[in-house]
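Trainee: The following block contains the structure, expressed as structure tokens.
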Amino acid sequence: MRVWRPIFRRVLFGTERRLVKLVIAIVRPEKVNDVLEALYRAEVRGISMSRIQGHGGELDRVETYRGTTVKMGLSEKVRFELAVSDAFVQPTIDALCTGARTGEVGDGKIFVVPLEQAVRIRTGETAERAVTPLGK
Ligand SMILES: Nc1ncnc2c1ncn2[C@@H]1O[C@H](COP(=O)(O)OP(=O)(O)OP(=O)(O)O)[C@@H](O)[C@H]1O
Ligand SMILES: [Mg+2]
């Protein structure tokens with residue numbers, strides 16, 4: 001049984017390897033609740049978030065007594081990480097935009113990255129099964 005279990009698991013779960021993406025979103029801290037609500041409505045459930053500092057690329061000109069210099073100021077942002085199956089990528093992006101957009105500069109960015117593997121530690125499930133909410 002010890003020999004067969006990993007083979008059995010690979011046959012069951014291994015073919016779904018490529019179907020997971022990591023969606024990373026940098027948003028305004030004041031839009032976090034709106035983002036969470038939009039994600040909940042889109043049935044995206046597995047969420048990690050952290051406070052970060054970021055810079056969007058714009059340069060502030062600062063006058064100094066010897067001339068003009070530029071300053072790269074950092075602003076407080078919140079970073080969401082969501083591992084989702086391929087079918088959930090677009091609904092996740094739509095929800096993030098709905099929740100995070102104000103229309104002003106600095107609304108943030110979304111990056112989608114292929115995910116090599118995902119594992120639910122308790123069960124050993126991998127890939128798409130590891131990111132699908134239980135009970136579905
Ligand atoms: N190219 C990037 N790489 C990594 N993080 C980025 C990048 N661009 C933006 N960010 C992150 O997103 C945050 C918000 O960026 P921001 O919304 O200002 O982007 P932008 O391209 O300047 O768009 P806008 O013109 O709407 O301001 C930044 O503070 C930073 O944390
Ligand atoms: Mg900007």
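The values are calculated or read from the model by the stated rules, or taken from the named source; none is laboratory data. Note that the coordinates shown come from a computational prediction; the quantities given were computed from them, not determined experimentally. As a convention, Cβ positions derive from the backbone with ideal geometry for all residues, glycine included, and neighbour counts pool all protein chains shown. For the accessible areas, the whole protein counts, side chains as well, though only heavy atoms, and no ligand, DNA or RNA atoms are used. Shrake-Rupley method; radii C 1.70, N 1.55, O 1.52, S 1.80 Å.
Trainee: Residues in the range 7-30: is at least one surrounded by fewer than 12 Cβ atoms within 10 Å (Cβ to Cβ), polar (S, T, N, Q) and at pLDDT 95 or above?
Mentor: Taking every residue of the range 7-30 in turn, none turns out to be surrounded by fewer than 12 Cβ atoms within 10 Å (Cβ to Cβ), polar (S, T, N, Q) and at pLDDT 95 or above.
Trainee: Next question, about the same structure. Is there a residue being in contact with a Ser or Thr (Cβ under 9 Å, 6 or more places away or on another chain) and farther than 30 Å from residue 129 by Cβ anywhere in the range 70-81? If you could, list the steps in order and put the result at the bottom.
Mentor: Initial filter on the range 70-81 (in contact with a Ser or Thr (Cβ under 9 Å, 6 or more places away or on another chain)): 78-81.
Those still in the list that are farther than 30 Å from residue 129 by Cβ too: none.
No.
Trainee: Give me the strands (runs of 3 or more DSSP E) completely within the range 40-87, filtered to those with at least 3 residues that are away from ligand 1 (no atom under 12 Å from the Cβ), aliphatic (A, V, I, L, M) and under 18 Å from the mean Cα position of the chain (by Cα), ordered by residue number.
Mentor: Numbers: elements: 48-54, 60-64, 67-71, 75-85.
Once the strands (runs of 3 or more DSSP E) in the range 40-87 are filtered for at least 3 residues that are away from ligand 1 (no atom under 12 Å from the Cβ), aliphatic (A, V, I, L, M) and under 18 Å from the mean Cα position of the chain (by Cα), what remains is 75-85.
Trainee: Look through the range 114-136, keep the residues that are hydrophobic (A, V, I, L, M, F, W, C) and open to solvent by 60 Å² or more (accessible area, probe 1.4 Å), and return whichever of them is modelled with the lowest pLDDT. Break it down stepwise before answering.
Mentor: If we filter the range 114-136 for residues that are hydrophobic (A, V, I, L, M, F, W, C), which is where we start, we get 115, 118-119, 121, 127, 130-131, 134.
Retained after the next criterion (residues that are open to solvent by 60 Å² or more (accessible area, probe 1.4 Å)): 119, 121, 134.
On the way: 119: 95, 121: 96, 134: 67.
Checking each candidate, the answer is 134.
Trainee: Regarding residue 95, is this residue in contact (Cβ under 8 Å) with a residue 12 or more places away in the chain, open to solvent by less than 40 Å² (accessible area, probe 1.4 Å) and more than 25 Å from residue 53 (Cβ to Cβ)?
Mentor: Numbers: in contact (Cβ under 8 Å) with a residue 12 or more places away in the chain: yes; open to solvent by less than 40 Å² (accessible area, probe 1.4 Å): yes; more than 25 Å from residue 53 (Cβ to Cβ): no.
When the stated conditions are applied, residue 95 does not pass them.
Trainee: Filter the range 48-78 down to the residues that are in contact (Cβ under 8 Å) with a residue 40 or more places away in the chain, more than 11 Å from ligand 2 (Cβ to nearest atom) and open to solvent by 50 Å² or more (accessible area, probe 1.4 Å) and list them by number. Even if it seems obvious, please write down each step before you answer.
Mentor: From the range 48-78, those in contact (Cβ under 8 Å) with a residue 40 or more places away in the chain are 56, 58, 76-78; that's our starting set.
When the remaining residues are screened for being more than 11 Å from ligand 2 (Cβ to nearest atom), the result is 76, 78.
Of everything in the range 48-78, just one residue is in contact (Cβ under 8 Å) with a residue 40 or more places away in the chain, more than 11 Å from ligand 2 (Cβ to nearest atom) and open to solvent by 50 Å² or more (accessible area, probe 1.4 Å), namely 76.
Trainee: Keeping to the range 98-113, report how many residues are open to solvent by less than 40 Å² (accessible area, probe 1.4 Å) and away from ligand 2 (no atom under 15 Å from the Cβ).
Mentor: Residues meeting the conditions: 1.
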